[in-house]
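Here is the structure we will look at, set down as structure tokens.
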Amino acid sequence: MIRRRTLSAAFVALLVVTSGTASYGASDPMPGAELLVRFRTGTLEPVRAAVHAALGSTVIDRIAPLDVDVVRSVVGPKTYASDPNVLYAEPNVVGSLAAFSPPDDPDWSTATAWRLTRANAIPAWAIWPGRYYKASTRPARPVKVAVLDSWIDTLHPDFRNRGTTSTDARQGGQLDLRDAASFVPADQQRGTMDWHGTFVAGLIGAAANNRRGIAGVAYAAQVMPVTVADGNGVVDMAAAAAGITHAVDRGAKVINMSFTLPEGSQTLKTAVARAGKAGAVLVAAAGNGAGATTMYPAAYAKSYPFVLAVSATGPLDTIAPCSNHASYITVSAPGIDIMSLRAEGDTMTVSCGTSAATPLVAGAAALIAGRYPGIAPDAIRRRITRGADDIGDPGRDAFTGHGRLNIERALVTDGVPRTALNGPGVSGASDSASVRATARGRRIVAARYFVDRVGGARRGTLRPTDRSWGERVENVKAQVSLKGLSEGVHHLFVQAKDSKGRWGATAATALVVDRSRPEVTRLEVDPVLVVPGDRRTRVHFTILDALSTELKTRIRFIDRDGEVQASHVYRLPPGTFAAEWRGTVDRPGGGSYDGAALPPGPYTVQLTLTDEAGWVTVAETYCVVAPDTRT
């Protein structure tokens, strides 16, 4: 059922949530606010109607499978809950899509296809489904993936397989239009964020091998469009819960939720629990606050084994700058410079977002469910977490969870050799990079590596450094040739073979070829004449080095005799920083350095940068410290 509402009301609710969650009660009415009300089991319809009428409320919708009424009320949830017939009442909290930056370049670039390479999708497709499809060869009963999002362009040509002009699954297309649903009125579905749903759906289910656009990671699956967000990206609790319920009732095995709500609720929790009991896997975005803010439904990953919370990573296998982090993060996936379908168009690229990372994990879950029919939701989660490449601190962490998604390793049969790869880091002037890997199996007899593509031309053999193969666990160190590789980020894969001749799945990581020094685009003291204690004085510097995650930065103040009067060292990510002068120099971002104020006189201010590849850049400017005439 489509619940009627106005955009202005939804927007006001969003502002209320943003400014803090209130505690509503009889003395704190919310005129025109929406509540989610559940009566105790067995409460008759006339009694329910009488309670609503007595409290001056209007029922505007019902989520029947959850037995929850959506009401517009002039009283708060505490007043409702005080009635003995009511089990609970709660605000219909409003959240938003986990949106990433608006598209800045609509043209497709092969560089944006790194999401599939790093997540090891192509070798995974060789395992399952093992072929590309035409409309006539599509599986009769593919895994259904519900995409709970904004409006989806169901006529986009990249949802059509070869041999059909329709996107409808009943005619060989990629979309389950028979079970599509909307919980947002039609006149509210278009707006500044109406591209979001098509983009997300394309990452999961765009047709592969149809000579158009992109390939969805789960092109063998079937996408069920479920609209729960309006055109401006606003999602409310009732729509989210109703969307989950609808998807499960119509056979969705995987539910993708690239949106966030600032808090949970009994209604949402009931819908989530019900979906898990029905055998569904729920995949939710961590959100794009670049902090540790708890967001729902992702936070349910800490309570339910069938919920996966997803953070985003970049090409350097580090956490994306936009991504939230939290203790409940399950796994991470590529979420920077991701290309997918444009609504009412061809393709588009976005810069950063957990909305883009989440459908890659949902797609992986669909591939696992397709290869292993009847697999339990918690078993799907285990395959994804155990197959992930541990790119952060050893073990699970709050930024990347169990690691970055590796779809091939999630699909492989148990018992084959496994490898864990400690990334080679960033190369400098050398023509080779050192690789450290751990191979596990009954008996390892060989190991090999590939650069940029598993099975590609750039490959080599890994050999133990101090003994021959034969142990169950081998720690391997080898050199990977970088000759002929362009500067930039490449992909490195390592694979081991056991005594039965079985090659295991490949571990993947970033291989960075850096042949350039970091760049200093600005270095100045403002003003040049420094008055001790004047807090207006700043040391500004801008540093650029796209291929490093950390720069060793040293600022030295050298007097006219060549003596270093002050030297400060710290490590910074590439970016723009300003240091404040307070007699000494303060660390960018706060925190004073120890040391006396500089003596009066002229100084050379020298900035030295050393990046992870070992390249060094030196830049200089000058300043004059005035005598301190304060009394």
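Every number in this text was worked out from the coordinates using simple rules, so none of it is lab data. For clarity, every value in this text was computed on a predicted model and none was experimentally measured. We place every Cβ from the backbone using ideal geometry, glycine too, and count neighbours over all the protein chains shown.
For the reader, a short list of remarks on this structure follows.
- Rounded, prolate or oblate (a/c below 1.5 giving rounded, otherwise prolate when a/b exceeds b/c) for segment 109-220 by Cα gyration tensor: oblate
- In units of the rule-of-thumb radius 2.2 N^0.38 Å, segment 97-411 shows an alpha carbon radius of gyration of 0.87.
- With 10 Å bins from 0: P(r) over segment 418-513, alpha-carbon pairs, percent: 18, 52, 25, 5, 0
- Helix-only CD estimate at 222 nm, as mean residue ellipticity for the chain, using -39500 (n - 2.57) per DSSP H run (n ≥ 4): -5000 deg cm²/dmol
- The trypsin sites (Lys or Arg not before Pro) of segment 478-531 that DSSP puts in a loop, and whose beta carbon has at most 13 other beta carbons within 10 Å, are LYS483, LYS500.
- Here segment 97-411 is assigned +1 on the Cβ of each Lys and Arg and -1 on the Cβ of each Asp and Glu. Its dipole about the Cα centre then comes out at about 1420 debye.
- Relative frequency of Cα-Cα separations exceeding 33 Å in the chain, percent: 53
- Computed packing ranks the peptides 217-228, 294-305, 392-403 as 217-228, 294-305, 392-403, most packed first, by mean other Cβ atoms within 10 Å.
- Pairs spanning more than 19 Å between alpha-carbon atoms, out of LYS477/LYS552; LYS78/LYS302; LYS144/LYS277; LYS477/LYS497: LYS477/LYS552; LYS78/LYS302.
- The C-alpha atoms of the chain define a longest principal axis, and helix 266-277 lies at about 90 degrees to it.
- Think of segment 97-411 as having a plus end and a minus end, set by charges on the Cβ of Lys, Arg, Asp and Glu; of VAL350, VAL234, GLY173, GLY173 sits farthest toward the positive end of this dipole.
- As a ratio to 2.2 N^0.38 Å, the alpha-carbon radius of gyration for segment 224-349 is 1.06.
- Placed amide H near VAL445: partners under 5 Å, 5+ positions off or other chain: LYS497, ASP498, SER499
- Convex hull per residue volume in Å³, alpha carbons only, for segment 275-357: 103
- Scanning the chain for cysteines with no neighbouring cysteine C-beta under 4.7 angstrom from their C-beta gives CYS623.
- Charged neighbours of ASP317, selected by a Cβ distance under 11 Å, balance to 0 (K, R count +1; D, E count -1).
- When the P(r) is computed for segment 178-291, the part past 25 Å accounts for 23% of the Cα-Cα pairs.
- Kirkwood estimate for segment 480-540, i.e. one over the average of 1/r between Cα atoms, Å: 16.9
- According to the Cα-based calculation, Rg over Rh for segment 408-447 is 1.10, with Rh computed by the Kirkwood formula.
- Each of the peptides 236-243, 537-544, 314-321 was scored by the mean count of other Cβ atoms within 10 Å over its residues; in descending order, highest first, they stand as 236-243, 314-321, 537-544.
- The packing ranking, built from the mean of other Cβ atoms within 10 Å per residue, places the peptides 445-458, 37-50 in the order 445-458, 37-50, highest first.
- Computed over the chain: relative contact order in percent, which uses C-alpha pairs under 8 Å that are six or more apart: 10
- Cut-off under 5 Å, modelled amide H: who pairs with ALA566 long-range: PHE557
- Average Cα contact separation per residue, segment 267-333, under 8 Å, 6 or more apart, as relative contact order %: 34
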